[in-house]
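To keep things clear, I will list the structure first and then write my remarks on it.
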Amino acid sequence: MFDVDGYLTVLGVARPAAPTLRSLRALHRAQVERVAYENLDIHLGRPTGIGAAESVARIVRGRGGYCFHVNGAFGALLTALGYDVTLHRAGVQGTPGDPEGATGDHLALTVRLGGERWLVDAGLGDAVHEPLPLREGRYVQGPFSYGMAPSTAEPGGWRFHHDPRGSFTAMDFAPDPVELSSFAAEHARLSTSPESGFVRVLTAQRRDAKGVDVLRGRVLRRVDARGTDERTIDSADEWYDVLTGVFRLDLTDAAASARADLWQRVHISHQEWTAARQRATTL
């Protein structure tokens, strides 16, 4: 069991009297607005599991996680509230040409409600604000346009097409249900391998009705109907203010020395990235 009421308090949503579509939409909006997609514990050297109860406890403490954490927790919450939830093996295509199909680097959720199925995915970072019906078509949410279509790589599955301004191209998921524990090995790889994007770059992302905030290292980006506003954060104090203020992350359990070391690593990584970009432009 886990703290359902504590989770709902974080979301700022009252316990629904029944599992309705209206409540599902409200819960999804609150989840992506109030629980950041983030990988700070990897960079703090604090490995995490992906069990739903552990992830819910992290959320109640004021933290987030990436897809295995936030979708695992959100799926458990929805199930506890009476929704018919299915977990799916999925795969994110970062750029055109990446392997399509349910490669296992993503956990997707669907909910069956009123004779229809919905993609319910709080673990795509800068993507959906509300659930999407599993019906082929284009869907507009705020300033972003998404596509849903049957997956050609996963028979019986679906393919989500992200907005061109998003951080990835598409996501495929397979139709068959899976257990959260089946992602343990991939979670270990993503959180420890030097080749993993989660290990290479610290990130925090938060979606709202009007756009998305994305932090990658020291670069903070806001994407909305006006376009993209980007700036580089120059001090540790400002950087931590952004994490707590923009992304609603509670880092009080990190010692001052750990916070200082984390900023220093992010700062050095940013310098190396900047130097590499400058070298590339001179070639």
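The values are calculated or read from the model by the stated rules, or taken from the named source; none is laboratory data. Predicted model only: the values in this text are computed from it and were never measured. Reconstructed Cβ throughout: ideal geometry from the backbone, glycine too, with neighbour counts over all protein chains shown.
Filtered by the rule that a residue be assigned to a helix (DSSP H, G or I) and either exposed (fewer than 14 other Cβ atoms within 10 Å of the Cβ) or of a type outside the set (A, V, I, L, M, F, W, C) (or both), the stretch 15-27 gives R22, S23, R25. Take the stretch 28-48 and flag every residue that is buried (at least 24 other Cβ atoms within 10 Å of the Cβ) and of a type in the set (A, V, I, L, M). Within the stretch 28-48, V32, V35, A36 qualify. Does H187 meet the test of being at pLDDT below 95 and under 28 Å from R34 (Cβ atoms)? The answer is no for H187.
Scanning the stretch 51-68 for residues that are part of a loop (DSSP other than H, G, I, E, B) and touching an Asp or Glu at 6+ places or on another chain (Cβ under 8 Å) gives R61, G62, R63, G64, Y66. Screening the candidates G51, G94, G65, G12 for the property of being within 30 Å of G217 (Cα to Cα) and buried (at least 23 other Cβ atoms within 10 Å of the Cβ) yields one hit, G65.
Residue by residue through the stretch 136-165, note down the ones that are under 15 Å from A225 (Cβ atoms) and not polar (S, T, N, Q). Correct list: V140, G142, P143, F144, D163, P164, R165.
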